[in-house]
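The values are calculated or read from the model by the stated rules, or taken from the named source; none is laboratory data. Treat the numbers as computed from the prediction; the structure is a model and nothing was measured. Note that each Cβ is placed from the backbone with ideal geometry, even for glycine, and that neighbours are counted across all protein chains shown.
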Amino acid sequence: MNEHDLAQSTAPASISGYDYGRPNSAHSPVSLEEMRQIEATAGWSEEDARILQRHGQIFKDNAEEMVDSWRAVIGSQPHLAKWFFDPDGKPDEDYKAKIRKRFVQWVLDACFRPHDQTWLDYQEEIGLRHVPAKKNLTDGAHTPPVVPMRYLLAFATIVTIGTRKFFVDRGLSCEELQKLEDAWARTVQLHITLWSRPYVKEGLW
Ligand code: HEM
């Protein structure tokens with residue numbers, strides 16, 4: 001199975017609001033050349049992509065549990081949980097459930113999708129979904145209009161360091177485990193870097 005087939009095989013068409021590769025997705029103003037420069041800056045290489053794919057089964061087996069563990073952190077901190085609340089101040093459970101499915105799919109996409117134009121475009125879309133331009137739009141929700149950038153950035157440690165526990169006990173050598181942790185940290189950093197773009201004033205990103 002090639003890279004494209006692998007990615008397709010993990011992407012059910014039925015996820016509500018999942019617009020990867022669809023006309024609804026934003027088009028990224030970042031060029032592929034700029035993106036390669038960001039990759040180089042983060043120390044990302046094709047070897048990282050291969051490592052994530054080599055251990056893709058770990059992500060397939062655990063994507064839901066990973067997402068639930070990250071979301072438990074959000075749920076336990078009122079200053080994070082409130083971005084999922086409806087105007088009555090209660091969690092919007094329908095919104096949360098829909099986002100959860102796309103978040104689980106993101107874990108698989110981060111492992112299997114090639115970093116091409118379609119991937120780049122969907123990173124712009126995910127960034128926009130965290131800011132007023134598109135937050136709430138996909139699910140017709142009425143929660144606050146932005147996830148403040150400070151939390152998007154700070155949360156990266158939860159998604160990287162907080163995910164190590166899923167990589168151990170899988171029979172990997174110390175060296176391979178380190179490579180996997182590094183590749184996962186780099187991909188998360190890359191995603192968040194691209195998602196930060198819509199937050200930043202023209203010319204400053
Ligand atoms: C490392 C940090 C983060 C990652 C990896 C992440 C990942 C994601 C993903 C994959 C989606 C769904 C994208 C799609 O629609 O296909 C999403 C949406 C969302 N995330 Fe984040 N996120 C992060 C930080 C945060 C934080 C800190 C909050 C709030 C405390 C947050 C709140 C939301 C909300 C409310 C949505 C839905 C936005 C909408 O479409 O209305 N995210 N996130």
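Checking each residue in region 123-163 for being part of a loop (DSSP other than H, G, I, E, B) and hydroxyl-bearing (S, T, Y) picks out T138, T143. Go through region 2-30 and give me each residue that's modelled with pLDDT under 65 and either out of contact with any helix residue (DSSP H, G or I) (no Cβ under 7 Å at 6 or more places or on another chain) or of a type in the set (D, E) (or both). Of everything in region 2-30, those that are modelled with pLDDT under 65 and either out of contact with any helix residue (DSSP H, G or I) (no Cβ under 7 Å at 6 or more places or on another chain) or of a type in the set (D, E) (or both) turn out to be N2, E3, H4, D5, Q8, S9.
Determine if region 57-71 includes at least one residue that is more than 13 Å from the ligand (Cβ to nearest atom), aliphatic (A, V, I, L, M), surrounded by 16 or more Cβ atoms within 10 Å (Cβ to Cβ) and in a helix (DSSP H, G or I). Yes: one or more hits. If you scan region 121-151, which residues turn out to be crowded, with 18+ Cβ neighbours inside 10 Å, closer than 23 Å to Q37 by Cα and among the aliphatic types (A, V, I, L, M)? Answer for region 121-151, where residues must be crowded, with 18+ Cβ neighbours inside 10 Å, closer than 23 Å to Q37 by Cα and among the aliphatic types (A, V, I, L, M): I126, L128.
The lone criterion from (1) near the ligand (Cβ under 9 Å from one of its atoms); (2) over 12 Å from the mean Cα position of the chain (by Cα) left unmet by H130 is number (2). All conditions in (1) away from the ligand (no atom under 15 Å from the Cβ); (2) of a type outside the set (K, R); (3) touching a strand residue (DSSP E or B) at 6+ places or on another chain (Cβ under 9 Å) hold for F84, with the sole exception of (1). For S25, the conditions (1) without any contact (Cβ under 8 Å) to a residue 60 or more places away in the chain; (2) surrounded by 15 or more Cβ atoms within 10 Å (Cβ to Cβ); (3) of a type outside the set (F, W, Y); (4) under 22 Å from T143 (Cβ atoms) are fulfilled apart from (1).
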